[in-house]
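Only one structure is covered here, and it is reproduced in the block below.
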Amino acid sequence: MASVSDNPRKGYKFFQARALDGNSFSLGDLETAAGWSKSSIKTYKSKQWKDLLAKGRGGQWTVRREFLRLTESEFLEHISQ
């Protein structure tokens, strides 16, 4: 079983994959892939991720290509602020 501390790394990998392939996703997809709770996603989305994600139609989201400029270390630092 993965530890909670693995969740940010899983989130980074998920966002990186979506930035590369351009596929949209639901917040439920993110919850499943990264293991974050709905409340954590809601908090991150409105604060740390507001410049990284774009809201699409039907509750779908996309990751802005600018995300690819972030290293994993930079992302982890960014979300811990």
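The smallest convex shape that holds all Cα atoms of the chain, its convex hull, gives 88 Å³ per residue.
Residues in the stretch 35-47 carry Karplus couplings, in order, of x, 6, 6, 4, 5, 5, 4, 4, 5, 4, 4, 7, 10 Hz; the curve used is 6.51 cos²θ - 1.76 cosθ + 1.60 with θ = phi - 60°, and Gly or Pro positions show x. Here residue 38 is the anchor, and the lysines within straight C-alpha reach of less than 17 Å, apart from those fewer than 8 places off in the same chain, are 10, 47, 50, 55.
All of the numbers you see were taken from the coordinates with simple rules; none came from a lab. These numbers were taken from a predicted model, which means no experiment stands behind them.
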